[in-house]
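For reference, the structure discussed in these notes is given below.
The values are calculated or read from the model by the stated rules, or taken from the named source; none is laboratory data. Just so it is clear, the structure is predicted and the values come from calculations on it, not from any experiment. Positions of Cβ are generated from backbone atoms using ideal geometry, with glycine treated the same way; all protein chains shown enter the neighbour counts.
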Amino acid sequence: MTDINEIFSKGGAMERCCKRAIRNCALSGHTGHYRPDALIEAIHRYSFDTILMAVNAADPHHYSFSEQLLPLAVEKQMAYRNESPGAWPHPCIVDTTAN
């Protein structure tokens, strides 16, 4: 969690991004590839609009994004998208950006 602590510290990346977002951006999002822990912690610290996550065939067996992170994203009403297109259709992932 060292990276998350640095990102959310005073003068860290989130402070700078939030100042810039007020002027230039409508949405905020984040992504991760290795383990869902840091992304879950980030969601608890900031109200992100979107998340891009890596879900593939191995997901249910190793640090599962769909089991650990996806339910929190749904609860927080975040838009979410899978960045591993070969994994579609995944029973737990819905592309909320599609109309």
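Among the residues of the range 57-75, those identified as touching a residue at least 24 places away in the same chain (Cβ under 8 Å), part of a loop (DSSP other than H, G, I, E, B) and surrounded by fewer than 16 Cβ atoms within 10 Å (Cβ to Cβ) are ALA57, TYR63. Only residues that are modelled with pLDDT of 85 or more and not small (Gly, Ala, Ser) were counted in the range 19-47, giving 9. Contact annotation: residue pairs with Cβ atoms under 8 Å, 6 or more positions apart or on different chains, pairing a residue in the range 43-54 that is within 9 Å of ALA79 (Cβ to Cβ) and acidic (Asp, Glu) with a partner that is surrounded by fewer than 17 Cβ atoms within 10 Å (Cβ to Cβ) and at pLDDT 85 or above, are ASP49/ALA79. Among residues of the range 12-30 that are within 11 Å of THR50 (Cβ to Cβ), those with a Cβ under 7 angstrom from a residue that is at pLDDT 65 or above and assigned to a loop (DSSP other than H, G, I, E, B), sequence gap 6+ or separate chain, pair up as LEU27/ASP49; SER28/PHE48; SER28/ASP49; GLY29/PHE48; GLY29/ASP49; HIS30/PHE48.
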